[in-house]
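Read the structure below first, then the notes.
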Amino acid sequence: MSTAIAQKKDRIDLNAIQRKQINLVIFGHGNVGGKLIEQLQGSRRNLSIKRNLSINIFAIANSTKLITSSDGFNADWRWTMTDRGRQYTVEDVVDFAKQQGLDNLIAIDNSASEDLVEAYPQLVAAGFNLISSNKIANTRSLDFYKGLRDSLAINKKEYLYETNVGAGLPLIDTIKLLHLSGENITRIKGVFSGTLSYLFNEFSLGNKAFSEVLHSAIGQGLTEPDPRIDLSGVDVGRKLLILARELELDNELSDVSIQNLIPKEQRNGSVESFLQQTKNLDVPFHIKRKNQKPGHVLRYVADLHGDLSRNDGARLRVQLESVPQQSVLGQLQGSDSLFEIYTENYGDKPIVIQGAGAGAAVTARGVFGDVLRLADKLN
């Protein structure tokens, strides 16, 4: 065969290679979901060239409206949602994918919806793999948790949720690998909330009032619209429960001891009313800061400990603690999260994973990473 013919054949073979196409429906297009769509759209060319991969977003939905397109969406998708968004059910998404003959299906949940979580088994049965930054599915009852995994196994589908704990940090994958390899994890401890990390890092080292630090965090977009969601500790408790279940411990959310940082009289009522009364938090937190031992700082710490080899041996606790400033937790800065993983073989020297623990862009990038990991597994 001549060189020219061989080169022509190589070009034909190269052109004949079909890009793998992954078809996505994205539920929730707020902070995280919106950033994810931007990241996916901005990476199209790079993914096509470097990974021979085409990612097609065929549907975008919020709590009330849905838009669909077999050819995907451009940068003006928000206008399309406003102009053409229609009411929907999950069945509408399933039917559209079937009608268009789409395969390699992934449903991404960036919402905080209980109703959508209820539909996970329906999506799995219809051929969808799952990715979520929504923690609800992994912190519902054990019956639901195990039933979902049974459905995934029966339908040979995947469920990735790295961003459930630690935003974009490689935490859940690390714990899974350690556990599956037979490494006996004896304790997991750390600061799991980027928001609470920032609050107590700033508050502990200065003379600012707690309300001043809180309003600074709100102004930077580090808190939930209702900061009581962060201050209640429930979100941290959910994260701790997720890690316990990764170790195959049969715990429920009710097993987690959670210290609520909001006085009882301020837990109800409107967000506006709470924000107007944040100075009521100043004296209690000032006393906590003042009553510490010298060289100590405040940290909101999650701790999974006890006999983790037994289902009934785990202790799950989330609370405000005073720790030595020179300790690993004490040296934490900014809005970073930090996780200490203690194992039998590593002894008293934990594996430490630390990094940005909050932010829509960081979380979206973590979801993007799950998309790429899942894409590698699909045909």
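Just so you know, all these numbers are worked out from the coordinates, no wet-lab data involved. Since the structure is predicted, the reported quantities are computational estimates derived from the model, not experimental observations. Using ideal geometry, Cβ is built from the backbone for each residue, glycine included, and neighbour counts are taken over all protein chains shown.
Annotations for the structure displayed:
- Here K208 is the anchor, and the lysines within straight C-alpha reach of less than 20 Å, apart from those fewer than 8 places off in the same chain, are K279, K288, K290, K293.
- FRET efficiency, 1/(1 + (r/R0)^6) with R0 41 Å, evaluated for S211 and D307 via beta carbons: 0.50
- Of all DSSP bridge pairs formed entirely within the chain, close to 55 percent run antiparallel.
- The alpha-carbon of K157 sits under 30 angstrom from the alpha-carbons of these lysines, leaving out residues fewer than 8 places away in its chain: K20, K35, K50, K65, K98, K135, K146, K176, K239, K377.
- Since only G168, N379, Q41 are under comparison, the one whose Cα sits farthest along the positive direction of the charge dipole of the chain, derived from C-beta charges on Lys, Arg, Asp and Glu, is Q41.
- Most mobile of T174, T82, T278 in a GNM of the chain (Cα contacts under 10 Å): T82
- For the peptides 154-165, 321-332, 129-140, residues were scored by their other Cβ atoms within 10 Å and the scores averaged per peptide; the highest-first order is 129-140, 154-165, 321-332.
- Calculated mean residue ellipticity, 222 nm, the chain: -12500 deg cm²/dmol, from DSSP H runs (n ≥ 4) at -39500 (n - 2.57) each, averaged per residue and rounded to 500.
- On Cα atoms only, tilt of 3-16 relative to the major axis of the chain in degrees: 60
- In the range 171-357, Cα pairs under 8 Å separated by at least six residues give a relative contact order of 35 percent.
- From most to least packed by mean Cβ count within 10 Å, the peptides 176-185, 243-252 give 243-252, 176-185.
- Two-decimal log10 I(q)/I(0) for the range 171-357, as the Debye equation yields it once each C-alpha is a single scatterer, q = 0.18 Å⁻¹: -1.20
- Check: the chain dipole with +1 on Lys, Arg Cβ and -1 on Asp, Glu Cβ, in debye: 880
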